[in-house]
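What follows is one structure encoded as structure tokens, with my remarks underneath.
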Ligand code: SF4
Ligand code: SF4
């Protein structure tokens, strides 16, 4: 059935859809959210942290401390090298042991500050809540807080909030979808700190001057939907009912920015365009709660909630850990392994990155550590493509993964451009449905690399 346009042209008023707009592609996955009722637990302060200077999309930070320096929780230790970057703060109090180098999941190397903790977790004396009365001050504050997209993207939040003057934004979309199996970190934020979520939303709504806020939450989270709906539908705080929760179909990748904006508003973001091009700004639900906490306390982004789960983990949990904590410390806190680990992922099973070193430190944008035992890992080899077209039907970006694979094999730069490999968001839907188990996401990544390198040569 045709759905109503979200904007009533006759009155020029924004309309709140009562059900999500139907999108294209995607897959229905088992939710496997076994930790949804696990209240967040604080990790005891680790003996050491290794804080990467690259924890965001954009230029890495330059360390501002040296070996032997005493540091405190929330003290800046890395300054941004460019506008698209975010400062890094110490997540612990202790002594800097070394400025070292770590290998990132992308394969690049980055500088990192290694700190031996003193167990005191003393706050830095320079911490004070910022004054925020307008968008300019908000962007400054968010930049100083070190906030990056906490949904996993790691895009510096102050850059996202700095909307170009020629763009008119009328809708704030809050991403509470958390569509990846296993992950429940955002869900715990919604049920443990709904007041922070709502306060963050009201602050952004007032400063952005938007009249419509849609909190998109997958329908497999009824408790979060009820809590947020009850709090948002509050006559005193929101007399015109401009903040509403929209239950979304539990279908992956519902939380992808373009998919979410379409599901919540019916607006389609074109190739190479951003949400602001269709009048929207999208913020992750944990990010808005963090903004409220930062404005009230002045404590920057120094810790992160992660879901620790998977068939190899003894006691799956939601853990709040200082940024820079080695994965091995967090696994130990969850009772270690009950079976030989075969695959360790940073993030969920669809978009998570496979890790090979348990001493890798966690980053701001990490939201899960999932470890599988051998029996849960399908390592059967890929077979020939049978041209069934399932990958095309599953792709939410309307791409043709099988054709793109072919262009990658031929190193056909023009073909890769024509078939829009750069639009791929690496969601993994195509590989998930492929009966031949083709490594389609790897081909998409290779295709992007080929295009980038071809662009550099021009
Ligand atoms: S889903 Fe797999 S087998 Fe089917 S067309 Fe796509 S690549 Fe080929
Ligand atoms: S990984 Fe890329 S090509 Fe595959 S379904 Fe997702 S967007 Fe489409």
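With 410, 448 as the choices, which residue is more than 20 Å from the chain's Cα centre (by Cα), away from ligand 2 (no atom under 15 Å from the Cβ) and farther than 30 Å from residue 332 by Cβ?
410
Can you pull out every residue in region 73-98 that is within 26 Å of the chain's Cα centre (by Cα) and in a strand (DSSP E or B)?
Across region 73-98, the qualifying residues are 73, 76, 77, 78, 79, 80, 88, 89.
Taking the condition outside the structural domain of residue 277 (by TED's automatic domain parsing) and either closer than 21 Å to residue 306 by Cα or in a loop (DSSP other than H, G, I, E, B) (or both), does residue 101 pass?
Spelling it out, it is not the case that residue 101 is outside the structural domain of residue 277 (by TED's automatic domain parsing) and either closer than 21 Å to residue 306 by Cα or in a loop (DSSP other than H, G, I, E, B) (or both).
In region 268-300, what count of residues is obtained for those that are part of a loop (DSSP other than H, G, I, E, B) and buried (at least 21 other Cβ atoms within 10 Å of the Cβ)?
Residues meeting the conditions: 1.
Out of 405, 426, which single residue is outside the structural domain of residue 256 (by TED's automatic domain parsing) and closer than 17 Å to residue 259 by Cβ?
426
Consider residue 366 carefully, then state whether it is closer than 27 Å to residue 258 by Cα, away from ligand 2 (no atom under 12 Å from the Cβ) and in the same structural domain as residue 90 (by TED's automatic domain parsing).
Values: closer than 27 Å to residue 258 by Cα: yes; away from ligand 2 (no atom under 12 Å from the Cβ): yes; in the same structural domain as residue 90 (by TED's automatic domain parsing): yes.
Answer is yes for this residue.
Determine if region 336-344 includes at least one residue that is within 16 Å of ligand 2 (Cβ to nearest atom), at pLDDT 95 or above and under 22 Å from residue 428 (Cα atoms).
Of region 336-344, the ones within 16 Å of ligand 2 (Cβ to nearest atom) are none.
So far as region 336-344 goes, no, none of its residues is within 16 Å of ligand 2 (Cβ to nearest atom), at pLDDT 95 or above and under 22 Å from residue 428 (Cα atoms).
With the requirement that a residue be under 19 Å from residue 347 (Cα atoms) and within 12 Å of ligand 1 (Cβ to nearest atom), what does region 427-439 give you?
429, 430, 431, 432, 439
Would a scan of region 63-72 turn up a residue that is touching a strand residue (DSSP E or B) at 6+ places or on another chain (Cβ under 6 Å), part of a loop (DSSP other than H, G, I, E, B) and under 28 Å from residue 255 (Cα atoms)?
Looking through region 63-72, none of the residues is touching a strand residue (DSSP E or B) at 6+ places or on another chain (Cβ under 6 Å), part of a loop (DSSP other than H, G, I, E, B) and under 28 Å from residue 255 (Cα atoms).
Would you confirm whether or not region 423-443 contains a residue that is touching a helix residue (DSSP H, G or I) at 6+ places or on another chain (Cβ under 8 Å), free of Cβ contacts under 8 Å to residues at least 24 places away in the same chain and either more than 10 Å from ligand 2 (Cβ to nearest atom) or part of a loop (DSSP other than H, G, I, E, B) (or both)?
no
Could you grab me the full set of residues in region 380-404 that are touching a residue at least 24 places away in the same chain (Cβ under 8 Å) and either more than 9 Å from ligand 2 (Cβ to nearest atom) or surrounded by fewer than 16 Cβ atoms within 10 Å (Cβ to Cβ) (or both)?
Within region 380-404, 380, 381, 382, 383, 384, 385, 386, 388, 390, 393, 398, 402 meet the criteria.
Results for (1) in the same structural domain as residue 232 (by TED's automatic domain parsing); (2) over 19 Å from residue 98 (Cα atoms); (3) modelled with pLDDT under 95; (4) surrounded by fewer than 16 Cβ atoms within 10 Å (Cβ to Cβ), shown as yes or no for each residue.
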position	(1), (2), (3), (4)
13	yes, yes, yes, yes
20	yes, yes, no, no
23	yes, yes, yes, no
49	no, no, no, no
53	no, no, no, no
61	no, no, no, no
67	no, no, no, yes
71	no, no, no, no
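If you scan region 159-195, which residues turn out to be over 15 Å from the mean Cα position of the chain (by Cα), under 20 Å from residue 139 (Cβ atoms) and in contact (Cβ under 8 Å) with a residue 60 or more places away in the chain?
159, 161, 163, 164, 167, 168, 169, 170, 171, 172
So for region 218-238 (the condition being in a loop (DSSP other than H, G, I, E, B) and either surrounded by 23 or more Cβ atoms within 10 Å (Cβ to Cβ) or not assigned by TED's automatic domain parsing to the domain that holds residue 203 (or both)), does at least one residue qualify?
The answer is yes, given that some residue of region 218-238 is in a loop (DSSP other than H, G, I, E, B) and either surrounded by 23 or more Cβ atoms within 10 Å (Cβ to Cβ) or not assigned by TED's automatic domain parsing to the domain that holds residue 203 (or both).
Just to check your reading of the model, which residue among 416, 402 is near ligand 1 (Cβ under 10 Å from one of its atoms), touching a helix residue (DSSP H, G or I) at 6+ places or on another chain (Cβ under 9 Å) and assigned to a helix (DSSP H, G or I)?
402
Among what's in region 324-336 and is within 19 Å of the chain's Cα centre (by Cα) and over 15 Å from residue 347 (Cα atoms), pick the residue that is surrounded by the fewest Cβ atoms within 10 Å (Cβ to Cβ).
Ranking the qualifying residues of region 324-336, first place goes to 325.
The values are calculated or read from the model by the stated rules, or taken from the named source; none is laboratory data. Quick caveat, the model's predicted, so the values are computed rather than measured. Here the Cβ is made from the backbone with ideal geometry for all residues, glycine too, and neighbour counts use every protein chain on show.
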